[in-house]
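Single-structure report; data block below.
The values are calculated or read from the model by the stated rules, or taken from the named source; none is laboratory data. Keep in mind that what you see is a predicted model, and the values were worked out from it rather than measured. Just so you know, the surface numbers come from the protein's heavy atoms only, side chains and all, with ligands and any DNA or RNA stripped out. Shrake-Rupley method; radii C 1.70, N 1.55, O 1.52, S 1.80 Å.
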Amino acid sequence: MRISVVIPAAGKGRRAGFSENKIFHLLPDGRTVLERAASAFFPFADEVIIAADPAEEGRVRALFGARVRVVTGGKTRTESVRRALEAATGEIVLVHDAARPYVSEAVIRDCIASVKKYGSGIPALPTADTCLLYTSPSPR
């Protein structure tokens, strides 16, 4: 079965506070967030399709060359995913957010196995307790 990977990457990344789209932020290994996210799928995918902002399509192509196909993303994530899905040719399609660079091979393998066995699959990981409690002093 052919596997297509769709990576919506047309967002602006404004909430991250960077001067540019967060997908171009350099990680400690010297790769961008987008490069790290997409490359995790190369061993599994027959094709990787990235839906990019029209102004950033050239930059995305320059990062990957012929390893990926770039389509024009939409104004919303849903529209970007739809456009990339229309370009996909695989019987199995995995959709992964460009801003999530640390997906593991195990999660990818498990999703593919789930699709083959059940017809679909959604990854879920246990949450880590990252909330800090703050108690303000009582007024006197």
Subject >> Reachable lysines from residue 12, criterion Cα separation under 19 angstrom, eight or more residues apart if same chain >> reply: 22, 75
Subject >> the chain: C-alpha pair distances exceeding 25 Å, % >> reply: 32
Original post:
Shape of segment 54-103 from its Cα gyration tensor (a ≥ b ≥ c, root eigenvalues): rounded if a/c is under 1.5, otherwise prolate when a/b > b/c, or oblate?
Top reply: rounded
Original post:
Could you list, bin by bin from short to long, the percent of Cα-Cα pairs of segment 1-50 in 10 Å steps?
Top reply: 25, 46, 24, 5, 0
Original post:
In segment 9-122, what percent of the accessible surface is made up of carbon and sulfur (1.4 Å probe, ligands and nucleic acids excluded)?
Top reply: 51
Subject >> segment 62-103, accessible area per residue, ligands and nucleic acids excluded (1.4 Å, Å²) >> reply: 59
Subject >> Residue with peak Gaussian network fluctuation, the chain [Cα springs, cutoff 10 Å], from 126, 101, 54 >> reply: 126
